1. Of these, Ser24, Ser11, which one is open to solvent by 50 Å² or more (accessible area, probe 1.4 Å) and part of a loop (DSSP other than H, G, I, E, B)?
2. So, in segment 28-37, of the ones that are assigned to a loop (DSSP other than H, G, I, E, B) and open to solvent by 20 Å² or more (accessible area, probe 1.4 Å), which residue ends up nearest to Leu105 (Cα to Cα)?
3. Find all pairs meeting these conditions: Cβ atoms under 8 angstrom apart; at least six residues apart or on different chains; first residue within segment 32-50 and farther than 16 Å from Leu15 by Cβ; second residue of a type in the set (D, E, K, R).
4. Please find, within segment 44-70, the residue that is nearest to Ser113 (Cα to Cα) out of those that are open to solvent by less than 40 Å² (accessible area, probe 1.4 Å) and outside any loop (DSSP other than H, G, I, E, B).
5. Do we find a residue being within 23 Å of Gly10 (Cα to Cα), aliphatic (A, V, I, L, M) and open to solvent by 50 Å² or more (accessible area, probe 1.4 Å) anywhere in segment 123-138?
6. Give me the pairs, please: first residue somewhere in segment 116-145 and free of Cβ contacts under 8 Å to residues at least 40 places away in the same chain and within 13 Å of Ile77 (Cα to Cα), second residue anywhere and open to solvent by 30 Å² or more (accessible area, probe 1.4 Å) and outside any loop (DSSP other than H, G, I, E, B), beta-carbon distance under 6 Å, and either six or more positions apart or on two chains.
7. I'm told Lys16 meets every condition in (1) surrounded by 17 or more Cβ atoms within 10 Å (Cβ to Cβ); (2) modelled with pLDDT of 90 or more except one. Can you identify the failing condition by its number?
Amino acid sequence: ENTLADGQFGSAEILKYSPGSTTSLVAGQLYFLHTTGAWATTRSDQGASGGESQMLGIGLGGNPQTVGCLIRGFIRIPSTEILNVPGSGAVDGLPVYVGGTAGHLDFTAPSSSGHFVRIVGYAIDDDGGDVLIYFNPDGTFVEIA
């Protein structure tokens, strides 16, 4: 992970697609592909905002039509885009979830009524607050009653 910069990916699948918008995506933020064809930030408290079964991707810091969006693979998530990191050296193998803050990933599963729990990947290692994850969003989710 220390050979990758914030938001930089290693082995990954990249989708260069967004007919609904050319707005630049923030590197390391979590997005879902909206029915309009545009990428929008996720939130666990809104099922239609990536908490449910929508396609997810990690922004790469540019136009999704030319730079693309990471849809599966290894990526270094900046410390500013991931919440509740359990501490240096304590992340290996832990699941990462859609967060309640727009566009953020979270180590803590949502627990409030009306929130959606969806695993989006697993942590590999951390470095200076940033976290290398294997991004492979699960297609299943649970809504908390």
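1. Result of the check over Ser24, Ser11: Ser24.
2. Filtering first and then ranking leaves Gln29.
3. Pairs that qualify, where the first residue is farther than 16 Å from Leu15 by Cβ and the partner is of a type in the set (D, E, K, R), are Ser44/Asp106; Ser44/Arg118; Gly47/Glu143; Ser49/Arg43.
4. Gly47
5. Yes: segment 123-138 contains one or more residues that are within 23 Å of Gly10 (Cα to Cα), aliphatic (A, V, I, L, M) and open to solvent by 50 Å² or more (accessible area, probe 1.4 Å).
6. Once the first residue is free of Cβ contacts under 8 Å to residues at least 40 places away in the same chain and within 13 Å of Ile77 (Cα to Cα) and sits in segment 116-145, its partners that are open to solvent by 30 Å² or more (accessible area, probe 1.4 Å) and outside any loop (DSSP other than H, G, I, E, B) give Gly121/Tyr134; Tyr122/Pro95; Tyr122/Tyr134.
7. Status for Lys16: all satisfied but (1).
The values are calculated or read from the model by the stated rules, or taken from the named source; none is laboratory data. Just so it is clear, the model here is predicted, and its values are computed rather than measured. Every residue, glycine as well, gets a Cβ built from its backbone with ideal geometry; the counts of neighbours run over all protein chains shown. Each accessible area value is taken on the protein alone, full model and side chains, heavy atoms only, with ligands, DNA and RNA left out. Shrake-Rupley method; radii C 1.70, N 1.55, O 1.52, S 1.80 Å.
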